[in-house]
Amino acid sequence: MTDRMIRKFLATVLVIFASFGMAQAQQQPAAAPDLAWVQIEAKPNLADVNAALRRRAAELSDVNGFNLSSSGWYVVALGPYDAETADYVLRTLRGEGRIPRDSYITDSADYRRQIWPVGTDHLARRPAPANDLGAALNRADDTLREPAPNSAPGPTDETPRDARASEALLSQDQRASVQIALEWAGHYEGRVDAQFGAGTRQSMARWQMANGHEPTGILTTRQRAELLNAYNAVLDGLGLAVVADPKMGIEMKVPLGAVEFTRYEPPFAHFDATGDIPAQVLLISQEGTQDTLHSLYEIMQTLEIVPQNGPRERSRDSFTLTGQNARIVSYTEARLENGQIKGFTLVWPVGDEERRTRLLHVMQNSFVRTAGVLDPSESDNSTQRIDLVAGLDIRKPKYTRSGFYVDDRGMVLTTAELATGCGHVTIEDGQEADIAATDKALGVSILRPRGTVAPLGVASLRHEAPLLQSEVTLAGYSYGGVLGAPSLTVGTVSDIRGLNGEAGISRLAIDAREADAGGPVMDPEGEVVGMLLPRDTDGRTMPENVALAAGGDALSRMLTKAGAAPVQATPSRRPLAPAQMSERATDMTVLVSCWE
């Protein structure tokens, strides 16, 4: 056989083998590629890798932990990705310095068991044969990633594959923000878990359709920006900026377009309104213990900026307070850590709930405790007043009146005006009370305390009308409780009938103040002969030094009708010394407050 014939024979054989190999290849499905991972750390024990996983999960998305099958070491890896996305993630994060420079791409071959996140097992989802359901789903997913024919995005936007790769670089907080923005836009109803599962993908597609984009279910970088810009538009003009205050040991975003720092009044740093929005921000910083924290909780609830209506919660080392009235909504939170109490208060006008809620969320998420705590000596003493706490107004009632105890259960007689226009009524040190009965004609109401009350003294009512021109003593909280005890005012009885001749009403010549109304009018023996009525009666104001009082007999009948058991005066007729009169008046007279 010649050389030419040999060469021809070998060529024929090679062609036959090549054809056979191609046919075999066409008959066998191609092996599916394994999952690709970006491995960034390796640790020798479980404690170290758990610390690394927590640290990385706070900074990066797609964080996973595995136990290696060969050495027993543990690794931190990002993924799973396809090979192209893994390469993109590696180059980008390494270039930004967010992962070590020795990070590399690997497959799942050396990974024995997944340990993070708990309950997740990517290793159980290794590629399956091309004819099973998993492969079909993978092919559908690939279709979702690629643009439809003749509908590729313009050159300035990303393809779905590029969008998927850029999405992989989002942190956990950034992913959660996308879900929150989708929820705000009305397209997402699931749990905010920073996981872009089927529900999130569907909501992304709905948002894309609603905003004129191709519904791929994967937001491009530009689309995410569009979504978040719309979400954040409500905060435009507030001038949100990070305030880092080393004196307070606090960093937080503050709406500097609406408030500005004005002063320190320990434990607060005050930021007061600068424009049309009646807003206020307080930073809270002080050294203390659990008792200090709980005292602050109680004090805050006495302030004008913390209305009484609203949820509030106190635990061993923290508290939150929410208060709302017709003008403002107030939110306060504070926490005790390492002997330091730090927190903040946001006060915002009613009727701007979306912006307030969004602003509060930003402030909460940006709050950072740093070294330092406010020195108690950092104070502006020029603003000291008895009705201020750390430069803040103590909450004040709409108005105050006087009253007095009429039985051992703490029932109180006071004026009928409290029966209308009060959101709630308190007696003494904030004790809530309900209106048990009202006699509008007489001008008197009976209050029943909600809690247990043990009066130091109870009024004894005298049925007989006082003598004309006899001396009487009025007890009342003339200055709204500022003095902490009732004032005594002496006067005389001018008439034992009302201005229109009504029985059961006395006219007095006495220098009484508005807040004295409801106070007991006593004879020289300390027995109650009447209750002072307001100066403004039926739209008419009494002249100076003229007042009316409901008589003791009429008061007794009203109490008996309401089920009370009034104490009747004894016929001793022994005048009390001034000190005895003062003690008797102080024991039975109470401050009554009307609140919004």
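Data table
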| read-out | value |
| --- | --- |
| Rough spin-label spacing in nm, given labels placed 7 Å along Cα→Cβ, for residue 50 and residue 287 | 3.5 nm |
| Inter-label distance, nm, simple model (7 Å from Cα along the C-beta direction), residue 315/residue 201 | 3.7 nm |
| Anisotropy class of the stretch 465-539 from Cα gyration tensor, a/c 1.5 cut | oblate |
| Whole-percent carbon and sulfur share, accessible surface of the stretch 487-596, 1.4 Å | 50 percent |
| Estimated vicinal HN-Hα couplings, Hz - the stretch 274-287 in sequence order (Karplus 6.51, -1.76, 1.60; Gly, Pro = x) | 10, x, 6, 8, x, 9, 7, 10, 10, 9, 10, 7, 6, 6 |
| Area projected by the alpha carbon convex hull of the stretch 32-89, averaged over all directions, nm² | 4.2 nm² |
| Sequence-distant residues sharing a close amide H with residue 259 (under 5 Å, placed H) | 274 |
| Which of 116, 595, 184, 207 is most accessible, then next, and so on - probe 1.4 Å | 184, 116, 595, 207 |
| Exposure rank, largest accessible area first [398, 43; 1.4 Å] | 398, 43 |
| Rounded to whole Hz, the Karplus (6.51, -1.76, 1.60) HN-Hα couplings of the stretch 472-477, x for glycine and proline | 10, 10, 9, 10, x, 8 |
| Proximal lysines relative to residue 247, as straight alpha-carbon distance under 30 Å, when same-chain residues fewer than 8 apart are discounted | 342 |
| Cα gyration tensor, the stretch 242-355 - rounded (a/c under 1.5), prolate or oblate | oblate |
| For residue 482, solvent-accessible area (1.4 Å; no DNA, RNA or ligand), Å² | 100 Å² |
| Area accessible to solvent at residue 319, 1.4 Å probe radius, in Å² | 0 Å² |
| Packing-based order for 418-426, 218-226, using average beta carbon neighbours within 10 Å, highest first | 218-226, 418-426 |
| Average accessible surface area per residue within the stretch 184-279, 1.4 Å rolling probe, Å² | 47 Å² |
| Calculated P(r) of the stretch 443-571 - Cα pairs past 18 Å, % | 53 percent |
| By accessible area with a 1.4 Å probe, ligands and nucleic acids excluded, highest first: order of 378, 544 | 544, 378 |
| Accessible area of residue 112 in the full protein assembly, 1.4 Å probe (Å², nearest 10) | 140 Å² |
| Whole-Hz couplings from phi, Karplus 6.51/-1.76/1.60, listed for the stretch 400-405; x for Gly and Pro | 10, 9, 10, x, 8, 6 |
| Label-to-label distance, nm, for residues given as residue 121 and residue 301 (7 Å Cα→Cβ offset) | 5.0 nm |
| Potential extension, residue 337-residue 375 segment - 0.36 nm per residue separation minus Cα distance | 12.0 nm |
| Difference of contour (0.36 nm per residue) and Cα-Cα distance, residue 189 to residue 409 | 73.9 nm |
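The values are calculated or read from the model by the stated rules, or taken from the named source; none is laboratory data. From a predicted model like this one, the values you see are computed outputs, not experimental measurements. Quick reminder, even Gly has a Cβ in these numbers, built from the backbone with ideal geometry, and neighbours come from all protein chains shown. Quick note on the areas: whole protein, heavy atoms, side chains included, nothing else; ligands and nucleic acids left out. Shrake-Rupley method; radii C 1.70, N 1.55, O 1.52, S 1.80 Å.
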